[in-house]
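Notes follow once the structure below has been shown.
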Amino acid sequence: MKELRDNQRCYVCGTENTEGLGVHFEIDHDARSISARFTPREVHQGFEGIVHGGVLSALLDEAMAKLSVALGIPAVTAEMTVKFKAPTAPGEELLIIGRLLEETRRLVRAEARVERGPVLVAEATGKLIRI
């Protein structure tokens, strides 16, 4: 597999991707966690007035993988399970939070969630494979 290189064109966080979401994540190295705020727009909806689950899944995936790489563990998502808990609408600010749970020689286990105020919108667990 190729080396992981960031060309800033990531769909979720790339600063050079004009078609992307433009999410800016903050890394807490001591807590081994990541967070960001994102307000979806009308173009991010699936059904009328509901943010598409694929957009929420992309946010969750990015939180887990970006954190791993930021902590010096180059890894990509091998498996992710998403649970959608509540709908959210375009224009509602979301908080994305992720953390690493466990590392082995080959795998990293992580979790992430998307919240709208006190409401849990979606949560995910993931297995990332080291490269």
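The values are calculated or read from the model by the stated rules, or taken from the named source; none is laboratory data. Because the structure is a prediction, the values reported are computed rather than measured. Quick reminder, even Gly has a Cβ in these numbers, built from the backbone with ideal geometry, and neighbours come from all protein chains shown.
How many residues does region 1-29 hold that are touching a strand residue (DSSP E or B) at 6+ places or on another chain (Cβ under 9 Å), over 18 Å from residue 75 (Cβ atoms) and part of a loop (DSSP other than H, G, I, E, B)?
Residues in region 1-29 being touching a strand residue (DSSP E or B) at 6+ places or on another chain (Cβ under 9 Å), over 18 Å from residue 75 (Cβ atoms) and part of a loop (DSSP other than H, G, I, E, B): 4 in total.
Can you name every residue in region 58-76 that is surrounded by fewer than 17 Cβ atoms within 10 Å (Cβ to Cβ) and either under 11 Å from the mean Cα position of the chain (by Cα) or basic (Lys, Arg) (or both)?
Across region 58-76, there are no qualifying residues.
Please go through region 77-105 and give me each residue that is under 15 Å from residue 128 (Cβ atoms), in contact with a strand residue (DSSP E or B) (Cβ under 6 Å, 6 or more places away or on another chain) and surrounded by fewer than 17 Cβ atoms within 10 Å (Cβ to Cβ), ordered by number.
78, 79, 81, 101, 102
Looking at 27, 50, which is the one that is touching a helix residue (DSSP H, G or I) at 6+ places or on another chain (Cβ under 9 Å) and either modelled with pLDDT of 95 or more or not acidic (Asp, Glu) (or both)? Don't jump to the end; show me each part of the working.
Details: 50 fails: touching a helix residue (DSSP H, G or I) at 6+ places or on another chain (Cβ under 9 Å).
Sole residue among the options that is touching a helix residue (DSSP H, G or I) at 6+ places or on another chain (Cβ under 9 Å) and either modelled with pLDDT of 95 or more or not acidic (Asp, Glu) (or both): 27.
Can you tell me which residue is farthest from the chain's Cα centre (by Cα) among those in region 46-57 that are on the phi < 0 side of the Ramachandran plot and surrounded by fewer than 16 Cβ atoms within 10 Å (Cβ to Cβ)? Steps first, answer last, please.
Within region 46-57, the subset on the phi < 0 side of the Ramachandran plot is 46-48, 50-57.
If we keep only those that are surrounded by fewer than 16 Cβ atoms within 10 Å (Cβ to Cβ) too, we end up with 46-48, 50, 52-54.
Working: 46: 18, 47: 22, 48: 23, 50: 18, 52: 14, 53: 12, 54: 11 Å.
So, considering only residues that are on the phi < 0 side of the Ramachandran plot and surrounded by fewer than 16 Cβ atoms within 10 Å (Cβ to Cβ), the one farthest from the chain's Cα centre (by Cα) is 48.
Name every residue in region 30-48 that is in contact with an Asp or Glu (Cβ under 6 Å, 6 or more places away or on another chain) and either hydrophobic (A, V, I, L, M, F, W, C) or assigned to a loop (DSSP other than H, G, I, E, B) (or both), in order of residue number.
Once the filter is applied, which keeps residues that are in contact with an Asp or Glu (Cβ under 6 Å, 6 or more places away or on another chain) and either hydrophobic (A, V, I, L, M, F, W, C) or assigned to a loop (DSSP other than H, G, I, E, B) (or both), region 30-48 yields only 39.
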